1. How much of the accessible area of chain B, probe 1.4 Å, is carbon plus sulfur, in whole percent?
2. Just tell me which lysines come within less than 28 Å, Cα to Cα, of B:Lys358; anything on the same chain fewer than 8 places away is out.
3. When Rg is the radius of gyration of the Cα atoms in chain B and Rh is its Kirkwood radius, what does Rg/Rh come to?
4. Taking the convex hull of the Cα atoms, report for the range B:267-337 its projected area averaged over all directions, in nm².
5. Counting only DSSP beta bridges with both residues in the protein assembly as shown, tell me the antiparallel percent, nearest 5.
6. Give the Rg/Rh ratio for the protein assembly as shown, taking Rg as the radius of gyration of the Cα atoms and Rh as the Kirkwood radius, to two decimals.
7. Sort B:Asp283, B:Asp45 by heavy-atom solvent-accessible area, probe 1.4 angstrom, most to least.
8. What is the Cα centroid distance between the range B:26-80 and the range B:82-108, reported in whole angstrom?
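The values are calculated or read from the model by the stated rules, or taken from the named source; none is laboratory data. Values in this document were obtained by computation on a predicted structure and should not be read as measured data. As a convention, Cβ positions derive from the backbone with ideal geometry for all residues, glycine included, and neighbour counts pool all protein chains shown. Quick note on the areas: whole protein, heavy atoms, side chains included, nothing else; ligands and nucleic acids left out. Shrake-Rupley method; radii C 1.70, N 1.55, O 1.52, S 1.80 Å.
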Amino acid sequence: MAIAVSEEVYDGRRAWALHPQVSLRPESFGALAYHFGTRRLSFLKSPELRAVVERLAETGCGDEALVEVGVPEAEWPRYHQALATLARTGMIVRRDPS
Amino acid sequence: MTAVVGRLADRFEQGLDAPICLTWELTYACNLACTHCLSSSGRRDPRELTTNECIALIDEFERMQIFYVNIGGGEPTIRADFWDLLDYATSHHVGVKFSTNGSRITPDRARQLAANDYLDIQISLDGATAEVNDAVRGNGSFDAAIKAMERLADAGMSGFKISVVATRHNVGQLDRFATLADRYGAQLRLTRLRPSGRGADVWDDLHPTSVQQRQIYDWLVDHGDQVLTGDSFFHLAGYGESLPGLNLCGAGRVVCLIDPVGDVYACPFAIHDEFLAGNVRSDEGFAGVWRTSSLFSSLREPQSAGACASCGHFDACRGGCMAAKFFTGLPLDGPDPECVLGHGETALAQRDGVVLPKPAVDHSRQPIALRTRRPDRSCDESPLAGFTPAP
């Protein structure tokens, strides 16, 4: 790939945001996410996951986004897993909380 | 994240609000005359979209959030406004991957291209040696492609693509293509030969034999994600495990083609009235054609498995490629001509008196006609009579 991504381990207690080079396109099944740097296309498989990802930049930490979207705690592990994949592939990145 | 695709493939079959991947042939003009050209390119079409129309279309792509377009032709760099359109698209959140034969990639262009992060380039090469390549793409085309790759690599552009159409004569060179890609820091892209455009005329001689099909499949399984295929070998999924990709025919569902005059076809390999959905110059624009054309609506309906219904592999190969069937005169609800179980070969042998469909448009350059002139005297029959060559 043309541009290396900084692969990060996801931690829901930290602040995250969509990578500035990633575009999110809402779809009935969730969303398509495209990274212009790595040219990687990913699928967000539910509208809820899309809502979480959209909210990441405005919440203090990843788990706060889960709360705001109303994801039941029993389902958090599934979301953590999906977010971890997005972090590993550079789709979402760590940011300083503000 | 191909692992999550499984169930999503069903959603894709019903179509999306905008294509995931769009091919836009910018011009039918080409300085080469490849024997298998899928768009029968050569001469420029006088009705070609103007610069302003192209810009308006890019604006529409941006509104539809089409992340990137595959620009091809013809040879797209022949258009005088090509480089400007490239800059316009990439500065409006529309990434561009363009295919070129490389002949117009100067060192300056290479540096300019390398500096643009939203850009990807595919250099077409159909042989790992000049002999094999030039037999299909024309004399000198191998050297021109290699020179372009050298220039891109020298300019620091890494990860560009070497785009190879698999033919009977180059399947034995797959490892050499991979070596070539490594040498220039490029990535190999291997796609299927379709009997589309002029490809219909040479398909019988060029398409891989059944033994070679298996060879392609095994090689792709071995090389996994390292080699791109544009999802073009899903008809081989019947051999066993699926190759990386969505493994479905995306025509009118997640892909389509916009041709140089703005006609929208279901896929790049189906330039025929049967697969024409509309034109971007219509009032509804491209988005309207994509969302409401009756052709695309019907392609998004569940498709009949037809003669393949009883085959245990149908779920894997989905009956193969619509365009490959159509242009070889096979029914669309039957086996692919290159069906791994050999049903395609049987069907081809049973074609009786089928007239093969011709592409909707043909911009091939005609062989240069002899200049005819009136003989100097009525008995002078030689066309060269009275002709004195210039010194």
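1. 50 percent
2. B:Lys358 reaches B:Lys325.
3. 0.99
4. 5.2 nm²
5. Given both bridge residues lie in the protein assembly as shown, the antiparallel proportion sits at roughly 40 percent.
6. Ratio of gyration radius to Kirkwood radius: 1.01.
7. Reading off the accessible areas and sorting them downward yields B:Asp283, B:Asp45.
8. Value for the Cα centre distance between the two parts: 11 Å.
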